[in-house]
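The values are calculated or read from the model by the stated rules, or taken from the named source; none is laboratory data. Quick caveat, the model's predicted, so the values are computed rather than measured. Cβ coordinates were reconstructed from backbone atoms using ideal geometry, including for glycine residues, and neighbour counts include every protein chain displayed.
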Amino acid sequence: MTNIAPNHDQIQLESFSESLKPSKLASVSFSDQAFARANAELSRASSHPLIAAMLQRGMSHEQYRAFLYDLYHLVKDFCPAMEAAIPLCNVRYPVVAQALRHSIDEELGHERWVLHDIEAMGLDPNEAIAGRPSPMIQACLAFNRHYPATVNPCGVLGMLLALELTAATHGSQLAAATRRRLGITQKAGFGFLESHGELDQQHGAELAELLKNVNDEPARRAIENASTVNIEAFAALMVHAFRSDPTLRPGRLRRWVLERLIS
């Protein structure tokens with residue numbers, strides 16, 4: 001029997017995911033709680049039958065188109081949302097403001113990676129730029145601007161936690177499954193998912209350390225709530241992408257779901 005050893009990145013990701021389980025937490029710091037809570041919510045959202053099917057079987061070309069178009073708008077607003085929160089954090093949360101500046105430096109321009117993937121899949125990047133994202137993504141974009149401004153600016157860290165954890169958990173898996181389904185062997189077309197699918201241990205450690213310095217309860221509640229909203233938005237993005245396939249008529253879609261719920 002052939003023994004296939006897991007690669008280094010897989011070991012790191014499994015180790016990190018294992019450390020987020022409540023039974024494995026060595027402490028009960030807010031940082032540990034926030035990561036564990038977000039991880040549990042992502043697992044629950046990912047158990048939706050349509051999302052689970054896409055993670056396992058990949059996306060059709062039309063589903064991947066819808067996914068990338070929504071993803072473009074989500075990623076494009078990532079840095080502006082953090083930038084808008086910085087002045088709100090400067091006085092009350094200066095450490096958070098400095099961390100956001102650092103994150104912007106590292107994330108700036110990543111929406112262009114999505115546009116490169118769109119073009120590599122034979123699609124028109126200008127169509128994505130000019131188009132409107134799906135309703136739930138529009139609502140999420142508005143939330144990520146409004147919530148830090150009206151409730152607590154640290155809410156932007158919930159966005160950061162949710163989106164980085166989601167990409168780290170599902171990015172590589174979704175890219176590999178979709179490539180298999182479409183019969184694509186080249187790397188082009190999946191650059192964003194694959195680059196963000198490998199968990200950056202330094203980024204994870206930096207965010208965990210930052211959350212340890214968030215001490216007041218309103219800020220903590222805002223981070224937890226914002227992470228929940230962004231995880232739910234990602235789940236809605238996936239469901240919208242699944243339903244974008246024109247070959248899945250309503251009756252066929254219902255049968256498809258029932259078959260997988262029963263099996």
**Q.** Residues that are within 19 Å of the chain's Cα centre (by Cα), at pLDDT below 95 and surrounded by fewer than 20 Cβ atoms within 10 Å (Cβ to Cβ), drawn from the stretch 177-200
**A.** 191, 194, 195, 198, 200
Q: For the stretch 63-85, state whether one or more residues are touching a residue at least 60 places away in the same chain (Cβ under 8 Å), in a loop (DSSP other than H, G, I, E, B) and farther than 30 Å from residue 217 by Cβ.
A: no
Q. What is the number of the single condition among (1) buried (at least 19 other Cβ atoms within 10 Å of the Cβ); (2) part of a helix (DSSP H, G or I) that residue 59 does not meet?
A. (2)
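If a residue has to be in contact (Cβ under 8 Å) with a residue 24 or more places away in the chain and either over 21 Å from residue 146 (Cβ atoms) or over 20 Å from the mean Cα position of the chain (by Cα) (or both) to count, how many in the stretch 87-101 make the cut? Explain how you work it out, then say what you get.
Of the stretch 87-101, the ones in contact (Cβ under 8 Å) with a residue 24 or more places away in the chain are 88-89, 92-93, 95-96, 99-100.
Now drop any that are not either over 21 Å from residue 146 (Cβ atoms) or over 20 Å from the mean Cα position of the chain (by Cα) (or both), which leaves 88-89, 92-93, 95-96, 99.
Result for the stretch 87-101: 7.
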Q.
Take the conditions small (Gly, Ala, Ser), farther than 29 Å from residue 222 by Cβ, surrounded by fewer than 21 Cβ atoms within 10 Å (Cβ to Cβ) and more than 16 Å from the chain's Cα centre (by Cα) and apply them to residue 109. Does it pass?
A. no
Q: Tell me, yes or no, whether the stretch 229-242 has at least one residue that is touching a helix residue (DSSP H, G or I) at 6+ places or on another chain (Cβ under 6 Å), over 26 Å from residue 58 (Cβ atoms) and either polar (S, T, N, Q) or at pLDDT 90 or above (or both).
A: yes
Q. Can you tell which of 127, 119 is within 22 Å of residue 195 (Cα to Cα), part of a helix (DSSP H, G or I) and not hydroxyl-bearing (Ser, Thr, Tyr)?
A. 119
Q.
If I filter the stretch 130-159 down to residues being hydrophobic (A, V, I, L, M, F, W, C) and surrounded by 21 or more Cβ atoms within 10 Å (Cβ to Cβ), which single residue comes out as farthest from residue 229 (Cα to Cα)?
A. 154
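Conditions (1) modelled with pLDDT of 95 or more; (2) over 17 Å from residue 160 (Cβ atoms); (3) of a type in the set (Phe, Trp, Tyr), marked per residue:
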| residue | (1), (2), (3) |
| --- | --- |
| 83 | yes, no, no |
| 91 | no, yes, no |
| 101 | yes, no, no |
| 121 | yes, yes, no |
Q. Which condition breaks for residue 214 when tested against (1) farther than 30 Å from residue 97 by Cβ; (2) part of a loop (DSSP other than H, G, I, E, B); (3) touching a residue at least 24 places away in the same chain (Cβ under 8 Å)?
A. (1)
